[in-house]
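Where a number appears in this text, it was derived from the coordinates with a stated rule and is not lab data. This structure is a prediction, so every number in the text was calculated from the model and none was measured. In this analysis, Cβ positions are derived from the backbone assuming ideal geometry, glycine residues included, and neighbour counts consider all displayed protein chains.
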Amino acid sequence: MLELANVETFYGTIQVLFGMSMRCKRGEVTTLIGRNGMGKTTTVGSIIGTLESRGGDIRFDGEVISGRPAYEVAQLGIGLVPEGRQVFPNLSVRENLVATAANYSGSSDPWTLDSVLEFFPRLRERLDNQGSQLSGGEQQMLAIGRALMLNPRLLILDEATEGLAPLIRQEIWRRLEQLKQSGMTILLIDKNIDELAHIADRHFIIEKGRMVWQGDSDALTEDASLKARYLGI
Ligand code: ATP
């Protein structure tokens, strides 16, 4: 569904991605993992069109999306749960959810305010609270709910559980598992590889702007040297 081939991305004159390649298959959960500063968020920015890649190709459902503005990429059906959640602090939970809602994938059974509130009952209790009044876990649920309200075909989560308490992290993983079971294609950027291994199908490790390893969850968990070599664990 998503394919990056030899993507080169710069900040001004500073090159950060050096021929980055990876892909996400339809209906699967794929992870992009790597140490801090290796280029994960830059890869996400290149996919969603907030950063312009100068080399290589990014294709979504066969269509080249590299070079297209972010709003067009969103309209094609890529939803992002951004690093740091970035909920609108001065809008209520309800407003955060409906402000950008759309059925971009043309789903016959689209996500609605009600179905998102059913998925995250905690948000229903906080419906009239402002984004800034929520806990970190509630903000993460809101950020995921907001992305679902776009009815994306591919959902990208950048560090979805960073800074969250273990119980909330488990709750988020459970919800993502439910989304996977409903057929959603998901790209997870995260560092908690042991927690990810059981829900993910395929993993890509990035180091210094290049994909250096790919494999399934068994291969990832069986090879302890991978963690030491590429993840510093
Ligand atoms: P983290 O988990 O710390 O966010 P990451 O793998 O997502 O790490 P990126 O945020 O993609 O890493 O950063 C990759 C490299 O690009 C780093 O060396 C970083 O310093 C550099 N970088 C990121 N943003 C900018 C920017 N706006 N201008 C210049 N360099 C940047």
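Exposure proxy shown here: for PHE18, PHE60, the number of other Cβ atoms within 10 Å sets the order, fewest to most, as PHE18, PHE60. Cβ crowding within 10 Å ranks MET22, MET141, MET184 as MET184, MET22, MET141, fewest other Cβ atoms first. Label-to-label distance, ARG54 versus ALA197, with points set 7 angstrom from Cα along the beta-carbon direction: 4.0 nm.
For the pair ILE14 and GLU63, a Förster radius of 25 Å applied to the C-beta separation gives a FRET efficiency near 0.30, rounded to the nearest 0.05.
For segment 1-87, a/c is less than 1.5, where a ≥ b ≥ c are the root eigenvalues of the C-alpha gyration tensor. That puts it in the rounded class. The 3J(HN,Hα) values that the Karplus relation (6.51, -1.76, 1.60; θ = phi - 60°) gives for segment 208-216 are, in residue order, 6, x, 10, 7, 10, 7, 9, x, 8 Hz. Gly and Pro appear as x. About the centre of its Cα atoms, the chain shows a dipole size close to 280 debye [charges on the beta carbon of Lys, Arg (+1) and Asp, Glu (-1) only; nearest 20 debye]. Considering only the Cα atoms of segment 38-158, their convex hull presents on average a projected area of 7.9 nm². Out of all Cα-Cα pairs in segment 146-193, roughly what percent, to the nearest whole number, are more than 15 Å apart? It works out to 46 percent of all Cα pairs.
Multiplying the residue separation of ASN36 and GLU95 by 0.36 nm and removing their Cα-Cα distance gives an extension gain of 17.9 nm.
Taking amide H as placed 1.01 Å from N in the peptide plane, VAL16 has its amide H under 5 Å from the amide H of THR9, PHE10, TYR11, each at least 5 places away in sequence or on another chain.
Among 33-39, 44-50, 92-98, 195-201, sorting by the average number of other beta carbon atoms lying within 10 angstrom of each residue, highest first, gives 44-50, 92-98, 33-39, 195-201.
Would you mind counting up the charge near LEU231? Only other residues with Cβ under 10 Å from its Cβ, with Lys and Arg at +1 and Asp and Glu at -1. Here the count lands on +3. Of all DSSP bridge pairs formed entirely within the chain, close to 60 percent run antiparallel.
Length gained on full extension, ALA165 to ASP216: 15.6 nm, using 0.36 nm per residue less the C-alpha separation. Converting phi to 3J(HN,Hα) with the Karplus coefficients 6.51, -1.76 and 1.60 and the offset θ = phi - 60°, segment 39-48 yields x, 5, 5, 5, 5, 4, x, 5, 5, 7 Hz in sequence order, with x at every glycine or proline. Taking each of LYS40/LYS191; LYS191/LYS227; LYS25/LYS208 in turn, the alpha-carbon distance tops 22 angstrom for LYS25/LYS208. Pairs of Cα atoms nearer than 8 Å and 6+ residues apart set the relative contact order; for segment 54-138 it is 30 percent. Here the gap between ALA70 and ASN129, fully extended at 0.36 nm per residue and compared with their Cα-Cα distance, gives a gain of 18.4 nm. For the chain, a Kirkwood hydrodynamic radius built from all Cα pairs, placed in the Stokes-Einstein relation at 37 °C and 0.692 mPa s, yields a translational diffusion coefficient of 183 µm²/s. Ranking THR112, VAL16, GLY67 by how far each Cα lies toward the positive end of the dipole of the chain (charges on Cβ) leaves VAL16 at the top. With θ taken as phi - 60° and the Karplus curve 6.51 cos²θ - 1.76 cosθ + 1.60 applied, the whole-hertz 3J(HN,Hα) list for segment 168-180 is 5, 4, 4, 4, 5, 4, 4, 5, 5, 5, 4, 5, 4 Hz, x standing for glycine and proline. Of the residues ILE78, ASN90, PRO121, the one whose Cα sits farthest towards the positive end of the charge dipole of the chain is ASN90 (charges of +1 on Lys and Arg Cβ, -1 on Asp and Glu Cβ, taken about the Cα centre). Placing +1 on the Cβ of every Lys and Arg and -1 on the Cβ of every Asp and Glu, with no other charges, gives segment 115-233 a dipole of roughly 280 debye about its Cα centre.
Once you have a ≥ b ≥ c as the square roots of the Cα gyration tensor eigenvalues for segment 130-233, tell me rounded if a/c is under 1.5, and otherwise prolate or oblate according to whether a/b is larger than b/c. Judged from the Cα gyration tensor, segment 130-233 comes out prolate (a/c at least 1.5, a/b above b/c).
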